[in-house]
Each structure stands twice: as C-alpha cells, then as structure tokens.
Amino acid sequence: MAISKSQAVVDGQEAVAALPVPSVLNRLAQSDRELLSRIVAERVGYMAHSSFSRPKTAERLFPEAFATGSTRPWCNVASARQAEADQGGSTAPTLTTAEEQVLFQQLNYARYRIAKVLEKFQGKRLTAAAAREILWWAPHAEKARCDIVRANMPLVLAMAKRTRLGNIDYAELISEGNMALLRSVDKFDCGRGFKFSTYACRAILKSFSRVAMKIGRYRGRFPVEFDPSLEKSDYLERQRIDHEADCVSELVGMIKNNTASLNEVEVKVLQARFALEQVQGQVQDGPRTLEQVGMIIGVTKERVRQIQNRALSKLRNKLQDDFLAA
C-alpha cells in the first residue's frame, strides 16, 4: 500500500499548496471554489498501482472522457448497470471482478493525479491550469467512489442480518456498517487481486463488534433505558409561576379598588407604567416609559419617577400591614 500526501515539511512546518490568486478564483463557479478549497486543505491519499506510471493510462481507464474531451464524469460500467437496475426495480448493480478492478483503478488514478499536482505546488499558489486539472479529476474520483459504494451497499444489509446482536438498534448497526464500507473503499488495494467484498465484509463485521462493545460499556454504566416519566418534575416551577400570578392579581385588585389610598395621578401612573389597563381611552400594547407617561399627565419624567416610587411605597406598606394582620 502506498499513500501520497499533498503536504511536505519545510523548515519544521508543513508546506501545503495554496489557492490560486483571487483573479483566477473569481472566474470559477462557487461550487468549484468550495471543492478546490476542500481539496487543498485535505491530505489527498491514493492506493498506488503499477500501471499509474505507464503512458496512456488515463486514456485506458477513461476512454470515453478523453475521446469526447468532456470535463464531466462519464457514464462508466457501474453507472450503466445502475440505470438498468433502476429500470428493472433492482436495488444495486452487480460487478464482475474485472469491472471492480477498473473502478478502483479509476478512483485511485484520479486521486493520484490530484496528489501529483498538489505535491508540485507545495508552498506555492496553484496556477489556473493546475486548478483546472484538479477540478477535472476530482469529480471523476468521486463518481468512481460512489459507484463502488452503491454496488456494495447490499453487503452491509447482509452482514447486519447475519449478525445476531439483539441489544443493538438495527438502524445504528446499518449506520456503522455504511461508515465501515466507505473506509474500506479508501483503503482497499485492488493490485493484490482479491475481491473487494472479501475485504469489506471483514471491515463491516469489525465495525459491528466495535459498536457492540461501545453499547455494552454504555449499558454497564446506564442499565436503565431513558424513561420520560422519571424526569425531574416541574412542580416547583409551576408553583412559583402560580404564586407570581396571584401576587400580580392581588396588586391589580388593590390598585383597582384603591385600598392603598392612592390618588388619581398615582393610579394613572401605575396603570401606564405597568400596562395594567387603558389610560385615557388609549389601547396600551405594553409598559410605557417615564417620558411617555409624563407626556400623558403633563409632567417631567423625573416627576413621574417620584410619583411612581411614592405609589409603590404605599402598596408595599399596605401589603405589610395585611400580612401582619393575618
């Protein structure tokens, strides 16, 4: 197995290829700029193959793309099989060993070409030609990877049905298996001559074992399933809210019945400041400011503050007297 990295160490720090100058980036579509930024920021790895250094490898692996000069991914064998499967109601195409080998070589060769460009421009800005080359190869690599995954998705379902882990949610098992399949595609070396399914099945079963161990540890610490009925009660919070509502109602009643010996101006100020009732026939959406109340009764806002404090003091004394009397 050989992995190529798009970064190297220069003066004790990793040097990476930089994005092109803004004038070049601005000519690209937004999706292309995002794709290029992601590729430059990541380490691009590939599984080496003996044919990658030979001439005409690109033409051999991508004959239709080079014949037409297209800059988009072509319809390869797996894509054609998938279209037939969609029409026939099947879930996934079935690949022969030779077709599988071609797909993996397409995937890794496209990544190989991207990695070579990034290595060439380590510590430097990409040129417009280099950016175009990366953007040409990246969709081809992604298309081949998607075709491989789509063709091997039934492996995850088959392994999940065969594995008897009753204490694990089936959806979680499938999710772990899918992630293991994706990792297997990136790490599989087709040059050794083995079927991908042999390698992927072992990786999927290992992922099932890992999730079983993780859930086992979790169950050891939390043996009881979550029960909403055992949640902390909100009785105290509701009791506090009800108490506040009772206090507000009592104060409103005191102001309405004027049991605290408030004068007319004091009642009007409290009603306007705390949005208790309509003031002078005006519908009040919320509490008014001192300045707004002053405009209503014709005094300054400082005077409104004094009236408000005097009225609140009368209410406070009335409440204390009622409490002591009780």
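For the stretch 21-47, what are the residues that are crowded, with 16+ Cβ neighbours inside 10 Å and out of contact with any strand residue (DSSP E or B) (no Cβ under 8 Å at 6 or more places or on another chain)?
V24, L25, L28, D32, R33, L35, L36, I39, V44, G45, Y46, M47
To keep it simple, each residue is scored yes or no on (1) modelled with pLDDT of 90 or more; (2) assigned by TED's automatic domain parsing to the domain that holds C190; (3) under 16 Å from R113 (Cβ atoms); (4) in contact with a Ser or Thr (Cβ under 9 Å, 6 or more places away or on another chain).
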{"position": "M1", "(1), (2), (3), (4)": "no, no, no, no"}
{"position": "A15", "(1), (2), (3), (4)": "no, yes, no, no"}
{"position": "P20", "(1), (2), (3), (4)": "yes, yes, no, yes"}
{"position": "R27", "(1), (2), (3), (4)": "yes, yes, no, no"}
{"position": "L36", "(1), (2), (3), (4)": "yes, yes, yes, no"}
{"position": "V44", "(1), (2), (3), (4)": "no, yes, yes, yes"}
{"position": "E64", "(1), (2), (3), (4)": "no, yes, no, yes"}
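If I go through the stretch 286-308 residue by residue, how many of them are in a helix (DSSP H, G or I) and either closer than 20 Å to S249 by Cα or not assigned by TED's automatic domain parsing to the domain that holds L276 (or both)?
Result for the stretch 286-308: 1.
One line per residue, one yes/no per condition, for (1) assigned to a helix (DSSP H, G or I); (2) at pLDDT 90 or above; (3) not assigned by TED's automatic domain parsing to the domain that holds D189:
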| residue | (1), (2), (3) |
| --- | --- |
| A67 | yes, no, no |
| P73 | no, no, no |
| Q82 | yes, no, no |
| Q87 | yes, no, no |
| A92 | no, no, no |
| E100 | yes, yes, no |
| F104 | yes, yes, no |
| K116 | yes, yes, no |
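What number of residues within the stretch 204-226 are surrounded by 11 or more Cβ atoms within 10 Å (Cβ to Cβ), under 26 Å from the mean Cα position of the chain (by Cα) and not polar (S, T, N, Q)?
Selection size over the stretch 204-226: 7.
Of the residues that make up the stretch 183-197, is at least one over 23 Å from Y46 (Cα atoms), at pLDDT 85 or above and crowded, with 18+ Cβ neighbours inside 10 Å?
Checked the stretch 183-197: no residue is over 23 Å from Y46 (Cα atoms), at pLDDT 85 or above and crowded, with 18+ Cβ neighbours inside 10 Å.
Among the residues that make up the stretch 253-260, is at least one of them on the phi > 0 side of the Ramachandran plot and modelled with pLDDT of 85 or more?
For the stretch 253-260, residues on the phi > 0 side of the Ramachandran plot and modelled with pLDDT of 85 or more: absent.
Would you mention how many residues in the stretch 130-142 are surrounded by 21 or more Cβ atoms within 10 Å (Cβ to Cβ) and either within 26 Å of the chain's Cα centre (by Cα) or free of Cβ contacts under 8 Å to residues at least 60 places away in the same chain (or both)?
Of the residues in the stretch 130-142, 4 are surrounded by 21 or more Cβ atoms within 10 Å (Cβ to Cβ) and either within 26 Å of the chain's Cα centre (by Cα) or free of Cβ contacts under 8 Å to residues at least 60 places away in the same chain (or both).
Which of the residues that make up the stretch 114-129 are crowded, with 19+ Cβ neighbours inside 10 Å and closer than 12 Å to L19 by Cβ?
Answer for the stretch 114-129, where residues must be crowded, with 19+ Cβ neighbours inside 10 Å and closer than 12 Å to L19 by Cβ: L118, F121, L126.
Kindly indicate whether S313 is modelled with pLDDT under 80, outside the structural domain of L181 (by TED's automatic domain parsing) and in a helix (DSSP H, G or I).
no
What about R273, is it touching a Ser or Thr at 6+ places or on another chain (Cβ under 9 Å), within 13 Å of Q308 (Cα to Cα) and at pLDDT 80 or above?
yes
Taking interchain pairs and intrachain pairs at least six residues apart, which have beta carbon atoms under 7 angstrom, with the first residue in the stretch 199-212 and in a helix (DSSP H, G or I) and the second crowded, with 21+ Cβ neighbours inside 10 Å and among the hydroxyl-bearing types (S, T, Y)?
Sorted first by the residue in the stretch 199-212, then by its partner, the pairs are Y199/S184; A200/S184; A203/S184.
Checking L181 against (1) among the hydrophobic types (A, V, I, L, M, F, W, C); (2) assigned to a helix (DSSP H, G or I); (3) more than 19 Å from T94 (Cβ to Cβ): exactly one of these is not met. Which one?
Looking at each condition in turn, L181 falls short on (3).
The values are calculated or read from the model by the stated rules, or taken from the named source; none is laboratory data. Since this is a predicted model, take the numbers as computed values, not measurements. FYI the Cβ positions are ideal-geometry reconstructions off the backbone, even for glycines, and counts take in every protein chain you see.
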